[in-house]
1. Kindly check whether there is at least one residue in the stretch 41-52 that is small (Gly, Ala, Ser) and touching a helix residue (DSSP H, G or I) at 6+ places or on another chain (Cβ under 7 Å).
2. Conditions: (1) among the hydrophobic types (A, V, I, L, M, F, W, C); (2) over 19 Å from the mean Cα position of the chain (by Cα); (3) surrounded by 11 or more Cβ atoms within 10 Å (Cβ to Cβ); (4) assigned to a helix (DSSP H, G or I). Ile47 meets all but one. Number of the miss?
3. Can you tell me how many residues in the stretch 44-60 are farther than 25 Å from Lys10 by Cβ and in contact (Cβ under 8 Å) with a residue 12 or more places away in the chain?
4. Just a yes or no: is a residue in the stretch 26-42 more than 19 Å from Glu68 (Cα to Cα), outside any strand (DSSP E or B) and in contact with an Asp or Glu (Cβ under 8 Å, 6 or more places away or on another chain)?
5. Going residue by residue through the stretch 22-43, is there one that turns out to be exposed (fewer than 14 other Cβ atoms within 10 Å of the Cβ), more than 18 Å from the chain's Cα centre (by Cα) and without any contact (Cβ under 8 Å) to a residue 12 or more places away in the chain?
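Here, each number is a calculation from the coordinates, and none is a lab measurement. As the structure is a computational prediction, the values presented were derived from the model and not from experiment. Please note: Cβ atoms are built from the backbone with ideal geometry, for glycine as well, and neighbour counts cover all protein chains shown.
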Amino acid sequence: MVSRKKEIAKVAVEIFGEKYVIKGPEDPDYIQLLADRVDQKMHELSIKCPNLSVSKLAVLTAINLADELSKLQEDYDHLVNLLEEKKRLGSLEAEMGPRLRQSQAT
């Protein structure tokens, strides 16, 4: 069995006026999408907080994006729990349904 290493992409991006080369195993379009998201968030925050240095703006952007990620993770975990509960209830219903119908018939 031959294991293949995923190719490392090198993508030139621009974030808040600075050029960077990002290397990673992800699709170049995806890397660009992430860079665009960071750039957009930095520009949004720079309008709200015009006196922040670029480094502080970058940290604030990271905190905001981490907050969004954390909230999405909580939502995802909640949905997974709901699905697991629904499956469990479906199994109980499948198991108990015939018994309930039988007891109602008598």
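1. Initial filter on the stretch 41-52 (small (Gly, Ala, Ser)): 46.
Applying the additional criterion that residues be touching a helix residue (DSSP H, G or I) at 6+ places or on another chain (Cβ under 7 Å) yields 46.
Yes, there is a match, as at least one residue in the stretch 41-52 is small (Gly, Ala, Ser) and touching a helix residue (DSSP H, G or I) at 6+ places or on another chain (Cβ under 7 Å).
2. Failed condition: (3).
3. Going through the stretch 44-60 one residue at a time, the tally reaches 4.
4. no
5. Our first condition is that a residue be exposed (fewer than 14 other Cβ atoms within 10 Å of the Cβ); within the stretch 22-43, this holds for 23, 25, 27, 29-30, 33, 36, 40.
With the extra rule that they be more than 18 Å from the chain's Cα centre (by Cα), the set shrinks to 23.
Keeping just the survivors that are without any contact (Cβ under 8 Å) to a residue 12 or more places away in the chain gives none.
No - not one qualifying residue is present in the stretch 22-43.
Residue-by-condition table, conditions (1) exposed (fewer than 10 other Cβ atoms within 10 Å of the Cβ); (2) on the phi < 0 side of the Ramachandran plot; (3) of a type in the set (Gly, Ala, Ser); (4) part of a helix (DSSP H, G or I):
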| site | (1), (2), (3), (4) |
| --- | --- |
| Leu52 | no, yes, no, no |
| Lys56 | no, yes, no, yes |
| Leu65 | no, yes, no, yes |
| Lys71 | no, yes, no, yes |
| Glu74 | no, yes, no, yes |
| Glu84 | no, yes, no, yes |
| Glu93 | no, yes, no, yes |
| Gly97 | no, yes, yes, yes |
| Gln102 | yes, yes, no, yes |
